[in-house]
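Structure record follows, encoded as structure tokens.
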Amino acid sequence: MTQSVVVQIGQCGNQIGCCFWDLALREHAAVNQKGIYDEAISSFFRNAVLIDMEEGVVNEILQGPLRDVFDSKQLITDISGSGNNWAMGHKVFGSLYQEQILEKLRKSAEHCDCLQCFFIIHSMGGGTGSGLGTFLLKVLEDEFPEVYRFVTSIYPSSEDDVITSPYNSILAMKELNEHADCVLPIDNQSLFDIISKIDLVVNSGKLDTTVKPKSLVTSSAGALKKQHKKPFDAMNNIVANLLLNLTSSARFEGSLNMDLNEISMNLVPFPQLHYLVSSLTPLYTLADVNIPPRRLDQMFSDAFSKDHQLMRADPKHSLYLACALMVRGNVQISDLRRNIERLKPSLRFVSWNQEGWKTSLCSVPPVGHSHSLLALANNTCVKPTFVELRERFMRLYKKKAHLHHYLQVEGMEESCFTEAVSSLSALIQEYNQLDATKSMPVADIPRLSIAM
Amino acid sequence: MSIVTVQLGQCGNQIGFEVFDTLFSDSHSSQGLCSKRENEAYQASCKERFFSEEENGVPIARAVLVDMEPKVINQTLSKAAQSGRWKYGQHAYFCQKQGSGNNWAYGYSVHGPRHEESIMNLIQKEVEKCDSLSGFFIIMSMAGGTGSGIGAFVTQNLQDHYAHSLKMNQIIWPYGTGEVIVQNYNSILTLSHLYRSSDALLVHENDAVHKICAKLMNIKQISFSDINQVLAHQLGSVFQPVYSAEGSFHYRRNPLGIDWQVRPPISGLPPLGKMPLNKELHFNTSIANLAILRGKDVQSADLEGFKDPALYTSWLEPVDAFNVWKTQRAFSKYEKSASLVSNSQFLVKPLDMIVGKAWNMFASKAYLHQYTKFGIEEEDFLDSFTLLEQVVASYYNL
């Protein structure tokens with residue numbers, strides 16, 4: 001059994017992290033009745049490391065119902081915060097806390113007899129999650145080169161209230177390009193849209209008795225933490241579910257298992273193209289446990305619709321490099337195959353990966369659902385987000401707006417900015433080149449000719 | 001005459017369980033449609049072949065289970081134990097904590113050498129339990145990392161350490177539409193390596209077995225369990241005892257002892273001119289066919305159709321290429337059953353397709369960094385392509 005260490009950094013990272021632990025424990029409690037999976041869950045998420053450069057969020061956690069889950073030895077906090085400044089997080093707090101961070105990580109790793117993966121949860125737009133979070137990536141790469149680095153990054157939406165979020169994001173992206181194995185980009189606007197849609201469906205009474213009003217995604221029923229009316233709670237729940245489903249096949253049995261190292265192997269054809277768009281279905285529970293095939297098929301269709309993606313993206317109209325379908329619950333290989341055959345014609349795959357599907361079947365469904373599907377797509381549809389980010393960056397950078405806040409930090413120079421934006425441009429260019437092949441006919445490369 | 005089975009990876013272990021279960025159930029079936037003495041001889045032969053005896057009477061499968069992560073092995077071991085009828089050896093498995101990540105290079109170059117000694121020791125233990133070793137049966141898939149990579153590595157080792165024993169690999173050909181994105185790379189690397197060290201590759205295609213479940217058996221929601229059971233049934237019908245040449249009551253024919261590698265005539269192959277235009281291509285051309293008949297009326301069955309020269313390549317006489325094995329004892333309660341094992345062109349198209357897709361991907365260099373990371377370089381890929389193109393060409397030209 002492999003273990004993972006979850007590192008949550010900054011306000012956003014810690015809030016999502018909390019939702020995640022809450023859900024994981026609920027899943028543990030529900031499955032534990034059978035007694036068999038106790039070891040599976042408790043040993044999988046061996047240790048969490050919580051980092052924040054101001055105390056508010058972490059303190060709340062320590063005083064809240066999850067206080068027994070976390071040990072103060074797993075925390076690193078400061079009081080002043082990073083002031084939404086990537087340079088503060090990366091350079092100042094990075095060097096200040098490097099030793100401490102290393103020590104906590106080493107301790108966590110020691111408790112694991114087979115550490116497979118680090119899950120890093122952070123936002124891109126602020127200072128701590130963005131700056132210190134990405135500093136951490138380099139540290140992890142140097143210290144634990146064999147362990148995968150999975151990063152869940154919350155990208156700022158265009159209406160983000162942090163003015164310098166484009167700077168922070170682009171500086172952080174360079175680090176993600178160079179030091180992350182896999183990045184799952186998510187944006188707040190998409191999460192918000194999904195929540196709004198669910199509320200609409202649930203409250204409209206349209207589906208009446210067939211929809212359970214409370215699902216793992218939207219409700220906190222049975223949760224350890226009190227139900228706050230914080231707008232982000234439901235949104236964080238979605239991300240938490242993503243992480244839970246990502247690891248389900250590694251934790252539970254199934255007829256076609258998929259371990260975390262297989263995600264990177266199958267979905268990252270070239271080292272720099274490691275951004276995966278995710279979608280999660282269903283988002284609300286149907287009361288009917290024996291799902292007729294039509295409903296099951298609907299789940300697959302939804303996974304490809306742009307409304308279910310966790311970031312602003314339309315994979316159906318862009319180019320797929322690879323796609324993974326991770327199914328949980330009472331779904332068999334024939335259901336999977338039927339749906340792949342059905343959906344394939346409407347999707348465009350790159351010429352050298354026409355059948356680029358990676359699939360997994362996990363027998364244990366998420367709590368409150370009879371089945372679920374997580375789709376991960378390596379698709380050029382991430383490009384628009386990056387392009388837009390670069391535009392926002394350039395608007396600020398041309399005027400040198402707020403630049404002095406960054407440049408006054410030791411170790412920061414203008415070259416940091418220009419290198420960061422070059423790195424992003426190079427990435428966008430890769431996606432452009434791939435998109436250019438979209439409309440070209442798929443020609444077979446001439447084969448080796450053998451002399452008999 | 002005992003066979004030691006090595007089950008590798010999730011696929012290999014899931015199938016292996018079904019195979020032993022089928023073999024056991026069939027041998028203990030009451031409806032053998034033959035005399036009691038006949039039935040007992042059959043049972044004894046099957047037992048000796050696939051199981052060893054334990055003190056409290058529960059037969060132990062002659063098998064070694066290998067996987068790089070524990071879930072599937074744990075399930076397999078407990079499923080067998082729970083059946084109460086047979087089980088796996090308590091220590092007959094090798095397991096690690098972290099899988100091979102669908103990476104052939106990781107299975108072959110990292111896990112293989114690292115765990116070589118442990119795995120070979122386990123196999124040696126099983127071999128020592130056999131009075132007389134027929135050979136090895138290795139069950140693996142091609143698409144993943146463990147079955148394919150470690151399977152190739154172990155087969156090579158078996159070639160080195162047990163050069164005089166036969167090795168047959170049961171290979172699972174993945175669905176054409178991805179189970180694993182890098183399945184074509186893993187497949188060509190597996191096949192090219194096995195070609196150098198295995199004696200026979202028995203192939204089952206997931207797509208074909210799936211069709212059997214859908215069209216012939218009318219199963220609505222097909223699971224891997226259904227697929228594996230069909231597979232096990234087919235394998236059981238081949239591996240269960242049959243009469244040897246001496247006649248009834250002598251179940252000593254070695255199922256692995258078929259001369260699968262047909263060598264072309266000494267005088268060389270006929271020149272590769274154009275295909276004669278009047279040759280009607282109705283059948284896949286074979287170089288060897290084995291029909292296995294079980295049950296009622298086996299002695300009077302008419303097999304003349306199999307001796308039609310049109311089925312075989314021009315440089316072989318049907319009498320040299322066609323074999324029949326028979327036994328009166330029914331298999332799996334079927335009054336009559338027949339199996340056909342064939343070395344023919346049937347696999348040319350699927351093989352060609354896999355080589356083609358792998359080649360396209362290779363040309364774009366996609367995913368190569370995942371393999372070079374563990375020591376499998378572009379030259380290794382090229383070697384594999386070269387070997388398999390030769391295989392494809394050889395079969396095309398039959």
| request: May I ask you to say which residue of B:289, B:218 is more than 20 Å from residue B:12 (Cβ to Cβ), at pLDDT 60 or above, part of a strand (DSSP E or B) and of a type outside the set (D, E, K, R)? | output: B:289
| field | Flag if residue A:291 is buried (at least 18 other Cβ atoms within 10 Å of the Cβ), more than 8 Å from chain B (Cβ to nearest Cβ) and at pLDDT 90 or above | value | no
| task | Within the range A:324-349, track down each residue that is of a type in the set (A, V, I, L, M) and within 25 Å of the chain's Cα centre (by Cα). | result | A:324, A:325, A:326, A:327, A:331, A:336, A:340, A:343, A:347
| Which numbered condition residue A:250 misses (of (1) within 11 Å of another protein chain (Cβ to nearest Cβ); (2) among the aliphatic types (A, V, I, L, M); (3) surrounded by fewer than 23 Cβ atoms within 10 Å (Cβ to Cβ)) | (3)
| query | Which one of these is within 14 Å of chain A (Cβ to nearest Cβ) and either in contact with a Ser or Thr (Cβ under 9 Å, 6 or more places away or on another chain) or modelled with pLDDT under 95 (or both): B:141, B:132? | reply | B:141
| If you scan the range B:109-122, which residues turn out to be within 14 Å of chain A (Cβ to nearest Cβ) and touching a residue at least 24 places away in the same chain (Cβ under 8 Å)? | B:110, B:111
| query | Of all residues in the range B:99-155, how many are polar (S, T, N, Q) and closer than 26 Å to residue B:182 by Cα? | reply | 8
| message | Just to verify a result, which residue in the range B:69-108, among those that are part of a helix (DSSP H, G or I) and closer than 27 Å to residue A:269 by Cβ, is farthest from the other protein chains (Cβ to nearest Cβ)? | response | B:108
| request: Would you be able to tell me the number of residues in the range B:358-377 that are more than 7 Å from chain A (Cβ to nearest Cβ) and under 18 Å from residue A:449 (Cα atoms)? | output: 2
| message | I'm checking my understanding of the structure. Among residues of the range B:383-398 that are within 8 Å of chain A (Cβ to nearest Cβ) and in a helix (DSSP H, G or I), which one is nearest to residue A:262 (Cα to Cα)? | response | B:385
| request: Scan the range B:310-319 and give yes if some residue there is within 12 Å of another protein chain (Cβ to nearest Cβ) and free of Cβ contacts under 8 Å to residues at least 24 places away in the same chain, otherwise no. | output: no
| message | Here is a list: A:351, A:346. Which entry is within 15 Å of residue A:438 (Cα to Cα), out of contact with any helix residue (DSSP H, G or I) (no Cβ under 6 Å at 6 or more places or on another chain), within 14 Å of chain B (Cβ to nearest Cβ) and modelled with pLDDT under 95? | response | A:351
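The values are calculated or read from the model by the stated rules, or taken from the named source; none is laboratory data. Just so we're clear, the structure is a prediction, and the values are computed from it rather than from any experiment. In this analysis, Cβ positions are derived from the backbone assuming ideal geometry, glycine residues included, and neighbour counts consider all displayed protein chains.
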